[in-house]
Structure formats: structure tokens, C-alpha cells
1. From the convex hull of the Cα coordinates of the stretch B:2-532, what is the mean projected area in square nanometres?
2. What's the FRET efficiency of A:ILE206 with A:LEU237 using the Cβ-Cβ distance as r and R₀ = 25 Å, to the nearest 0.05?
3. If you roll a 1.4 angstrom probe over the protein chains with everything in place, what fraction of the accessible area of the stretch B:2-532 belongs to carbon and sulfur, to the nearest %?
4. Can you give the relative contact order of chain B as a percent, counting alpha carbon pairs under 8 Å and 6+ residues apart?
5. At what distance in angstrom do the alpha carbon centres of the stretch B:449-473 and the stretch A:252-301 lie from each other?
6. If you average over every viewing direction, what projected area does the convex hull of the Cα atoms of chain A give, in nm²?
7. For the stretch B:356-395 and the stretch B:63-135, compute the distance between their C-alpha centroids and round to whole Å.
8. Restricting to Cα pairs below 8 Å that are 6+ residues apart, what does the relative contact order work out to for chain A? Please round to a whole percent.
Amino acid sequence: MLAQLDATPVETPEIVWAGLLPLLILSAGALLLVMLRSVVKRLPADVEPHLITAIGPITVLGMWFAAGLAGTDVPLAGLRDDMGEPAFYIGLALVMVLAGTLVRTMEIGLDAAITVGLGLSAFAATWGIWDDRWQVTGPFNAIGDQFAVDGFALLFAGVLAASVVLVALLLDGYLRRESLDGPEMYVLMLLSAAGGIVMTGANDLIVIFLGIETLSIAVYVMAAMHNRRTESQEAGLKYFVLGAFASAFLLYGIAFTYGATGSTNLVDIQIFLSSGQLVDNGLLMAAFGLLLVGFGFKIAAAPFHAWTPDVYQGAPTPVVAFMASAVKAAGFAALLRVFMLGFFSHVDDWRPAIGALAVLTLIVGSVMAIVQSDVKRMLAYSSISHAGFILVGVHAASLAGINSVAFYAVAYTFLVIGSFGVLTVVSGVGDRATSLDDLNGMAKRRPVLAFMFTVFLLAQAGVPLTAGFVAKFEVINAAVDSEFYWLAIVAMLTAVVSAFLYLRIVLSMYLGTADGDAADLGDPIPKAAGLAIGIAFAVTVGFGILPGPLSDLASDALPALIGAG
Amino acid sequence: MPEFLTDWGLLVITFVPLAGALLMMLIPQENEEAHKQVSLLASLLALALGIWYLIDFNYSDAGSLQYVVDESWIEVINSRLIMGLDGMSLPLLMLSVFVMPLVFIYSWDHIPHPGNAKSFLILMLILETGMIGTFLAQDLILFFVFFEVVLLPMFFMIAVWGGEDRRYASLKFFLYTLFGSALMLLGFLALFFLSKDPTTGELLRTFDMRVLSDVAGAGIVRSSQLLIFGGMFLGFGVKVPLFPFHTWLPDAHTQAPTQGSVILAAVLLKLGTYGFIRIAIPMLPEAAEAWAPWIGLFAVIGIIYGALGCLAQTDMKRLIAFSSVAHMGFVMLGIATLTDFGINAAIFGMVAHGLITGMLFFIAGSVKERYHTLEIKRLGGMLLQAPKLGWILGFCVMASLGLPGLAGFWGEFPAILAAYQPANGIPEETFRGYMVIAAVGTVLAAGYLLWLLQRTAMGEAPEEFANDPEIVDVKRIEWIAWAPFLFLIVLFGVAPGLIFEITDPAVVESLDNCLQLEGGCEGVAAAAQATFGG
């Protein structure tokens, strides 16, 4: 027996390390960071600033290596091409000096600097893979057929990396203000983003589940991280209990899918289902329903949205920014991959369910938002209605539909990080000042911030010349293209309803007069947070006026998903 | 230099105000003089360019688009940067670039509470870019973007510089318009996906307004056409505002600062009617025919309802706002006939209403400044205390009620006349009924306007204002801002051909795809010239 076993060794899948680079950077970086900080609790005061400054040039090198390593079949080949030119060295040195200066002027902490560096390197890695791999060879699998590195996965991985960078910039000032300094939050965020990247590329339901759990568990803890605020603890607990419940549904759905199709691999499922061997699809229907419950929870779609307002209100504001951007984007990526790749042949069966979810989500999100008086709760409901909008794109189940979902996810990431970034800055110690009245007269205290917040809110309302308009436009476009006029009408009408909510906030900022004891006295904005909000603002307006590049990127990413099936 | 006009001119005239706004952002807020100068200069530049176009425009070919700019813009959604000028858009373009500098002049010493000239003027410049762009755009998405761009500055002008109830008024204004444009955008998208080439039957997939007007809804089944037209009807109808959607207008006008009211009345309302004649009707003539009786019905209800509303108002500004509803009713009635006669009258009515009602709001602003109230009951004796102001009010009232010889007449009278004989396929009896109702509306208009004049300008000055030193006659800056308005009201009154001759070829061109034509407007214009020696 033993001899026989030896004779037929188990075939191990080939692993393409380059394709896993973004994932590796984030997860290994998280481990390194936590190890480093547990060994060296506090650096000598005269060393730390220099070390932080050094993160800048190191990041530049890291990005270059990551892009070069990931970008070619032969590691470092890209690097060799670049080397040798004197101009290149001068340029690189200049950029490194610039990066160092930038880090120094940002007055950022060590943990945040490292996290930003890791996020940027991961971003560069996705960029490198994209440039080199995607256009030439099409999608490829990094670990057997379990994990795909295609344009679709890379686009969402880029979104995750970008949100890590921006949220880390926000967290730095926030944690110091709340006296919560420490590497834990950053480590958790990096791990969570790594889980998200697993979700975006997973070609197997089990791998998706692993990704979701990695992502979620880290975020549960992040939500409860503010240990002196009971609301934060409550948010964490609530999120955890309901999240675990949803995970159970998801797992059940996976089991049912396996029962119905005999596989958990999406490509195998696709092949099996389109061959028409499945006669009685009751089990499969149950699987669709259970999977949708699980995903619906992650993306905060009604009727699985109940946790959202409480958690968004209670959790630390930068964490909310991360939940609304990265978690939602990863959830949509996984949802799209499962349903568009695995179950595409049964589109007529799952489409009505998605449509019902979309309508319900849109209505709940926009109508419930009106009666709120807390801005974080308002934005929570608004994020629900955005999920509804994205679901309209999913519902179209076409190339245009996925294109619009990808565009929406990218645009919304920046919008929502910008919005919650502004809230982080103005809400004062302990996140107390988040009611609508607390924003009264903000335009006088902080004119620039109020202006940017206004732009973010108007973009969420879908006003032209912002990325929000193009995103909504593409979704509606996809719905009309597939001739689902009723859904398009519902979406447009609820968009008008939710415009009311955004305008209420805007009016408070510009019209209200502040009480004497306002928590926000117009203290200087932490520079790093200012940078994050500024980047979000530039992206929002930039892609609003010229959406072409982003839209091209999104449409380049798509055929992978449909083509693979 | 005409190459400049052909190649770049339309882009320049659109974005000159915006460039001015960007420049002003760099100037510190304290330097108010500089802000006023830059904003005036930018709007004067736009006016100068507009006049250049007026001179260079090829009037013998007013029916086709001239100076076309066609550049790629957002390729992923097939939207292109197409702009052009024809006889239909030229009068409205001129109206916009003409009104704005005068508003900036008026703003020289009339920055409303709570001040901050910088933001106020920047918003008005952005508004100007939006208005000009809307009248020039020849791509549906571009049109939509400009149409929406107009919304925001106006929202902020009402919300920040408005009266007591500004919060409510600004929200109402924004949400009503957004609601309309949401469905309008759906209509545009449906047009994009459904339009077919009439000869080959291929899907066109274009937002190009020139192409869509040419194919005129070919290949779209009738029921879809009706729905698409319905979406546009809501979008444009809210903006006009047509009767059931008008309720935002009195609130917005009453709360808006003087400049806001003037711009709203003079130009913004025209975006809606322009949308009807530029987009909805030429692109979906079949649906327009089916909708015409309804549009006409809403229009005449608006005429009567607006007039009755006026009679019930106690606030001068609110009264003028309701008179806008009535006047835009005449414009819509002209459009609903779908004849070139009616649509020419409508365009004339737009320009005339812009000048006259804009002027009335200026006067209301000045009255408010002097008396600190607009309550008609408390006013009186203006002709004694500020005779010139009183006379100007009297003049505008006469123009507004449609006195022949002033501009208002040529908007209303031909519109009523056109209702006698609407285009083929539209029930004649119905429109004759509308004609009678609209004629009654003019009588009511005379009633409420003369009553307004009587109560505010005539009689003795009320005691509380009898010796008020603040009540002075028309100031120099007001003269400068108002004189051009008054001049044009008279000019177009005696020589209506100036506008009719430009618009007629374009209107004929846009209608000739499928609708039967009536006798042109030349007859009316010639008769007018003979009568008044213009």
C-alpha cells in the first residue's frame, strides 16, 4: 500500500507567485508589522522621525520592485530593462527624495506610514500585473484553478489597495486624537484587505468563503476597536453576530451548490450547468437564495441591511470608510464572479431575485435616510441605496452591466472615503459630533472642507461633472440597454429621493448657525487626513469630467469574467 | 477671423464665464472690487462674442446649424462634444449673454445679505456657462450636463442669499427639477437605444441631436415614443414650469435674491421650452402630435390658474412669479400647436418674457430695497415718491399685459392666433377652445397687472413711508442696468421681424420632417413693420 502511494504522488498545483503579489504584500506586510511592533514597542525619539521619513523612499523602491516583479514571467526582467540609463537613476533618486519630503511634511506616524507604503506597493503590483499579463495572455490562474488573476480581480484588488492607502491616512490622525495609537488597527485592515483580494480572485466557493471570513473577522474587531465608546463595542458585537449568521447562510448555500452541481469550483459549475444535465433544480434554487442572503449581508442590501445604520453609527469613522468602500467592493466582486461566471446559464432563475433585492434596497436606502438626524446614519442608509444601484447593474447581467458595476465600485470607493474622511475630521473627540445640527455653520468654520464635502455629497446624488453621475449613468444605461425600464425608473426616482438627504446635509453646512458649544472648533485638519480627502476629491471630480480612462479600464477588465465561462 | 468663430468660438463663448469664475477663485475674498470687475468683464466678453456671432451669422441659412464644433468627449458612452448655432438658438443665446452683464452691473452695489460677493458672483458665472452651453449643445448628454449644471448655482443662490424661507424654497426647486430631469435622462437613453436608421433599419446608438432630429423617431414603436416623450415632457415641463409642476416657481422666485429671480425668469425658464422645441418635438414628432392636446390643456390651465393666482397674491414678487406661470402658458400653447407659426411665436414669447419679467423682478428688488417690504397693501404712491421708478413699473406692466407696440404683444397674440389652426392631426375644435380660454387669460392679465400698478404706484404714499429718506428715485447703476432692457422691449415691440426672421427658417427646418406646414410668419412680421414703422 505504502509503496503504491509513493508511486503516484499527489499532483500539486503550480503556483504563479507573481500573480499573488498584491495578496502577499498585504498579508506578509501585516504579519511583519505586527511582529516588528511587538518586538520594538517604542522607538527612541531621535530615531523614529528618520525612520518614518525613510519609509517614503523605501515605498518608492517597493512599488518599483513590486511592479517589476509582478509584471513579467521572469522575475526582475522588467527591472533590468529600466536599469543602465543614467536618466532613470536620476529620476528614481528625485522621486525618492520627493517621497521622503512628502512623508516628512505629512507628520504621519510610523504604523500609518508603513501601511500606506504596503498599500501603494500592492497597488503598484496590481498595476504591473495588469500591464504585462492581462493584455497579452488573458486571464490566468495563480494557484491551480482556485485563484484567478484576471482583469476583473485586478481591478478590484486595485480598489482595495487604494482604499487601504486612503483609510490609513485617515486613521493616523484619528487614532492619535482618540489616544488609540498602536499598530493593531493597521494590521487588521491589511489582513482584511488581503481577505478581500482573495474574494475578488477566488474561483472556488470555498476560497471565496475563506476570503470573506478573513475580511470579515478583521473588520468585526476594527468596528469594536474604540474601547472607550460603548457604541463602538455594540457595533462590533452586532456586526459580528449578524455577520456570523450570514456566513452560515453562505456556507449552507455553498453546500447546496455542491449538492446540486457536484463541485465548488466555479468553472466546473459553469460547465456542468450549461450542459443541461441538471433536470430538477430545486436544490440549486435554494443555493441561489442562501448565497444571496450571505452576499446581501456583506454588501448591505435590504432586507439584510438592518445592521448597517447601527454599525456605521457606532464604529470608528475611518473604519466605516473602510467598510463602505473595501468590504462592499469585495462583496460585489465575489457576488458578480459567482453569479456571472458560475451560474450564468441560469441567469433567468436568479435575475428576478437580484431585481427584487435591488428594488427593495433602493427604496429602503433612500426613504429611510430621510427621517434620520445623524449624519453617519444618513450616510449608512445612503450606502444601502448605493448598493441597490450597483445591484441594478448586476441585474442587467450583461457586459455593460458588469462594466457599470466595476465603474460604480471604483467611483463609490473614493466618494465614500472622502465623505467619511470629512466626517472623521469634523466629528470631534469620541466621534460625538455627528448629528446634523453639529454640522451647522460648517461652511464658515471650514470653508474648504465644507466645499469638498458638498462635492462628495452631490456626487453621491449623481450630479453631472462628478464621478457619481457617470457611475449612475452607466448603471441606468445598462438597465435600459437590457430593456429593464421599470428598474431604471425605480432607480432614478429613488436617486431623486436620496438627493433630498444630501441636500439636507449641504443646507446645514451652509445655512445653519452653530451653537456656542460646538464640538468642532475648526482645529487644524491632520495633514494626512487632508491628503486623503484631497485625493478622493481629485478623483471624484477628475473622473467626473473625463471618465474615459477609468471606464476603459473597467471595460478591459470584463471579458475575463464572461470569457472564462 | 471667422475661422475663430467656426473652430473655437462656441467653446470660448461657453467657457469664458467659467474661466472668469476660476480666475476669481484665486483672488482673495476681501478684494470685492476685483471680483466685480472680473465677473463683469467675463460676461462682457461673452456678450462681445455673442454680438460677433450676431454679425457674422449667415441669415440666409438660418435653418441649418452653423459654426459646428464636433470633438470626441466621453467615448465610452458615445457622447460627443457637439455644439452649433442656428436660428432657434441664436435669439436665446443672445438673451443669455445680454442679460448677464446687466445683472452683474446691478450687482455692483446690490450684493444681497449675507454678503460674500466672491461666491455669489462665481455662482452666477457658472450659471452663465450652464445656460449658454444648454442653448448650444447638440448632443443629448452634453445638453443634459449643462441643463443640470444650471441647477446647482441657482440652488445655492436661493439657499444662501435667499429670504426667510430659503431652505424650503431651495430644496423644492432642486428636487422638482431633479425629479423631472431623472425621467428625462431615461427618455434620452431610450432614444439612444431604440433609434434606428430609417433606410437601413440599423440601430443608430447615438446621442447626436442632429441625427436624432433627422430620423425623427423612426423605428420606435408608437407606445415607446409616447412614453419617451412623457419622460421628456416631465423634465422640460417642470423647468418651464407647466401647470401641475409649477409650484416650485413662486417659492423659488419669492425667496431668491433679486439677481436670482431675474436670471430665473429671464433665462432659466426658457431652458424648458427650448428643450421642447429643440429636442422633444423634432425627435418624436409622432408622439408630440399625440401629446399636443394635453400640452395645450396644461398650458391654458396654466394661463388661467396663473392669472387667478396673481389676483390672490399679496406679495409683489410672488405676483410676478405667478404671472410667469401664465406667460409661459402662452409660450407652451404656441408650442403645442406644432405649427411654425405657433413655435415662432413661442420663441418670441420666450425672449419677450425674459426681458419683461426680468425687468419686473429688477423693479421688485429695488422696491424691496427702498421699502423693505413687497407687501402690496403697504405700498403705494410710488409715482409721487419715486416717479421714474413708478413710470418704469408702469411701462413694464403695460409690456407684460401685451400692449401692442411693446415686445409682450408678439409673444401672446400670435400664440393665440396659432391655436385657431393647429397642425394636421391635432383636434382643431379643442385648440379653438383653448384659444378662447387663452384670450380670456389676456384679459385677466390686464386685470392683475393694472391692479398691481394701481395699488403700488398710484395714490398717496402710505404714512409709514411718507418721509422715509431711503425711498429715492432710480439710481445711476440701476439706469445702466435697466436701460438696455427697456430699449429692447420697445425695439422688439415695433420691429418683431428682427426675431421672427431669424427663427422662422430654423423652426421650419425642424418641423418639416413630418409635419404639415402653415403659412410662415413673414406675413405677421411684415404687417407689424408696416403698422409700427419699425
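The values are calculated or read from the model by the stated rules, or taken from the named source; none is laboratory data. In this text, all values refer to a predicted model and were calculated from it rather than measured experimentally. FYI the Cβ positions are ideal-geometry reconstructions off the backbone, even for glycines, and counts take in every protein chain you see. Surface accessibility is based on the protein's heavy atoms, side chains included, excluding ligands, DNA and RNA. Shrake-Rupley method; radii C 1.70, N 1.55, O 1.52, S 1.80 Å.
1. Averaging across all directions leaves 23.0 nm² for the Cα convex hull.
2. Calculated value: 0.35.
3. Details: 10770 of 17090 Å².
C and S atoms contribute 63 percent here.
4. RCO, chain B: 15 percent.
5. So the two Cα centres are separated by 80 Å.
6. Mean orientational projected area (chain A, Cα hull): 28.2 nm².
7. 29 Å
8. Values: 984 pairs, mean separation 81.8, N = 565.
Computed over chain A, the figure is 14 percent.
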